[in-house]
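Encoded as structure tokens, the structure appears first; notes follow it.
The values are calculated or read from the model by the stated rules, or taken from the named source; none is laboratory data. Remember, it's a predicted structure, so these values are computed and weren't measured experimentally. All Cβ positions, glycine included, derive from the backbone under ideal geometry; neighbour counts span all protein chains shown. SASA here: full protein model, heavy atoms, side chains in, ligands and nucleic acids out. Shrake-Rupley method; radii C 1.70, N 1.55, O 1.52, S 1.80 Å.
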Amino acid sequence: MAAIETLGDLRQSGYRSRPVKQEIRDNLVRKLQTGEALFPGIIGYDETVVPQLVNAVLSRHNFILLGLRGQAKSRILRALADLLDERIPVVPGCEIHDDPLAPLCASCRARIAMEGDALPIGWLRRDQRYVEKLATPDVTIADMVGDIDPIKAAEAGLNLSDELTMHYGLLPRANRGIFAINELPDLAGKIQVGLFNILQEGDVQIKGYPIRLKLDVMLVFTANPEDYTARGKIITPLKDRIGSEIRTHYPSTVEEGIAITTQEAWTKRDGTKLQIPKYVQEVIERIAFSAREDKKIDKRSGVSQRLPISTMENVISNAERRAIRHQEKVVVPRIGDIYAALPAITGKLELEYEGEMKGADYVGRELIRTAIAKTYDNYFKGVDIQQIVQWFDLGGEIQMADTASAVDSLQSLRNIQGLMEKTIKIGVGPKDSPESQVSAAEFVLEGLHAHKRIGRNEERVFSAGEKQVKKPEKSFEAEEHPFRTRRPFN
Ligand SMILES: [Zn+2]
């Protein structure tokens, strides 16, 4: 292809242009035949979303992805560009990337008539053929389809309906490529009708003038399922014209969630030695899982996978900050670092009335605590922790500041009888680094606190649990009791 420089060369090469949906289909078929990965980096959709996506492409459909925020919808659409040919020949300088073998616009047709086989050929890369637009209510027909320029028409002595008078919008500029519109129902009804007309008839009315545009575009959309209903803001004829409707979803297991977060979060930092314990990953992931089930959080908005991703980044940063301060060689996040990552959590929760009343901070802390309790149970269910609880019941107290050095913290933790040997359960022993040992032991304490077996205040001082506080009341009742029973005898 490199040798093709003119229209004559192109004709001689036997090159045959295809409609874009056919091209994407052909390339997908080839990938299926060779067993190549279809959508690398899209995790947890292999048996649900991907087969439906493949069918839509094989069917040469325009399609829509329906799903809540943070379900990799945009990512999937962008990945479609990889199914385009590496490059295609175009008439150079044409705003709508005309095919030199079948030009749409009058100026390209005129050029080819003039220059013939000597017309130079341009090449368009696949990444230049993907156009994305976030729909908002203020998007106009002019933005989307284009506008006619009456002055230009008058100067050239042209009819207004001639496409030469057109100032092209996003859709014509996506000709011979993929046009993705995110949050489709947010487009004004009028614009949806305009899109429909382009799809159906290849023509559109602009300022009362009919403009013909036989575009070749694959249209793909995303929407929140709530908005994509007859009651919602979508116009039925357009909905009817979209070939496939594919539902996305959140990761179905904690393991899948961890895989996505591990892939997406920024963890490799300036060569710092970072060890993220598995239980920290699990707690972070379960915050999102718990939030998706919590009544205090709006189900229609969902809880994005960006929540665990940003949380992980903040957790690592908090651990990094501690390590820098104490010149520690290894960065090992702790559960305390998750509480410090609250700023990465609160903004991603859309609260219901009850949640609003309690405040985002409160809801965030509760979610972390629930996530810790579940993760703790995963490792320590049925393990005897009586000795540790007793140490606190007998008045023991320990502060686990998230800024304290591992060496100092480890020294205090060792005073708690029965604690350090429990960390074996999560694969940490006395030969591991102080950083790892402290993190593991703190996880045990946080687990006991999450289950209300021991208490902890805002200064991160662990102490006896609430039942210990109630004990004096009980003994007070016990003192009263004989007095009451004695009374009838008086
Ligand atoms: Zn053209």
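Just checking, which of I96, I112 is of a type in the set (V, I, T), open to solvent by 20 Å² or more (accessible area, probe 1.4 Å) and within 16 Å of the ligand (Cβ to nearest atom)?
Working: I96 fails: open to solvent by 20 Å² or more (accessible area, probe 1.4 Å).
Checking each option against the conditions leaves just I112.
Let me spell it out: the conditions are (1) farther than 17 Å from K452 by Cβ; (2) open to solvent by 50 Å² or more (accessible area, probe 1.4 Å), and S409 meets all of them except one. Which number is the exception?
For S409, the exception is condition (2).
K73 fails exactly one of the following numbered conditions: (1) of a type in the set (D, E, K, R); (2) in contact (Cβ under 8 Å) with a residue 60 or more places away in the chain; (3) open to solvent by 60 Å² or more (accessible area, probe 1.4 Å); (4) away from the ligand (no atom under 16 Å from the Cβ). What is the number of that condition?
Exception for K73: condition (3).
Is it the case that some residue within segment 77-88 is free of Cβ contacts under 8 Å to residues at least 40 places away in the same chain, under 16 Å from R11 (Cβ atoms) and within 16 Å of the ligand (Cβ to nearest atom)? Don't jump to the end; show me each part of the working.
Residues of segment 77-88 free of Cβ contacts under 8 Å to residues at least 40 places away in the same chain: none.
Among the residues of segment 77-88, not one is free of Cβ contacts under 8 Å to residues at least 40 places away in the same chain, under 16 Å from R11 (Cβ atoms) and within 16 Å of the ligand (Cβ to nearest atom), which makes the answer no.
In this structure, is V49 within 23 Å of K133 (Cβ to Cβ), touching a strand residue (DSSP E or B) at 6+ places or on another chain (Cβ under 7 Å) and of a type in the set (V, I, T)? Full working, then the answer.
Numbers: within 23 Å of K133 (Cβ to Cβ): yes; touching a strand residue (DSSP E or B) at 6+ places or on another chain (Cβ under 7 Å): yes; of a type in the set (V, I, T): yes.
Considered against the rule, which asks whether it is within 23 Å of K133 (Cβ to Cβ), touching a strand residue (DSSP E or B) at 6+ places or on another chain (Cβ under 7 Å) and of a type in the set (V, I, T), V49 comes out as yes.
Taking the conditions exactly as written (outside any helix (DSSP H, G or I) and surrounded by 19 or more Cβ atoms within 10 Å (Cβ to Cβ)), does P308 satisfy them or not?
Details: outside any helix (DSSP H, G or I): no; surrounded by 19 or more Cβ atoms within 10 Å (Cβ to Cβ): yes.
Considered against the rule, which asks whether it is outside any helix (DSSP H, G or I) and surrounded by 19 or more Cβ atoms within 10 Å (Cβ to Cβ), P308 comes out as no.
Consider segment 115-141. How many of its residues are more than 16 Å from the ligand (Cβ to nearest atom) and not in a helix (DSSP H, G or I)?
Adding up the residues that qualify gives 12.
Report whether or not E155 is open to solvent by 70 Å² or more (accessible area, probe 1.4 Å) and modelled with pLDDT of 85 or more.
The answer is no for E155.
Taking segment 47-68, which residues are part of a loop (DSSP other than H, G, I, E, B), on the phi < 0 side of the Ramachandran plot and surrounded by fewer than 17 Cβ atoms within 10 Å (Cβ to Cβ)?
Result: E47, T48, S59.
Report whether or not S17 is out of contact with any Leu (no Cβ under 7 Å at 6 or more places or on another chain), at pLDDT below 95 and not hydrophobic (A, V, I, L, M, F, W, C).
Working: out of contact with any Leu (no Cβ under 7 Å at 6 or more places or on another chain): no; at pLDDT below 95: yes; not hydrophobic (A, V, I, L, M, F, W, C): yes.
Against the criterion (out of contact with any Leu (no Cβ under 7 Å at 6 or more places or on another chain), at pLDDT below 95 and not hydrophobic (A, V, I, L, M, F, W, C)), S17 does not qualify.
Looking for whichever is crowded, with 21+ Cβ neighbours inside 10 Å, charged (D, E, K, R) and either assigned to a helix (DSSP H, G or I) or in contact with a strand residue (DSSP E or B) (Cβ under 9 Å, 6 or more places away or on another chain) (or both) here; the options are D361, D377, D337. Which one fits?
Details: D361 fails: crowded, with 21+ Cβ neighbours inside 10 Å; D377 fails: crowded, with 21+ Cβ neighbours inside 10 Å.
Exactly one of D361, D377, D337 is crowded, with 21+ Cβ neighbours inside 10 Å, charged (D, E, K, R) and either assigned to a helix (DSSP H, G or I) or in contact with a strand residue (DSSP E or B) (Cβ under 9 Å, 6 or more places away or on another chain) (or both), namely D337.
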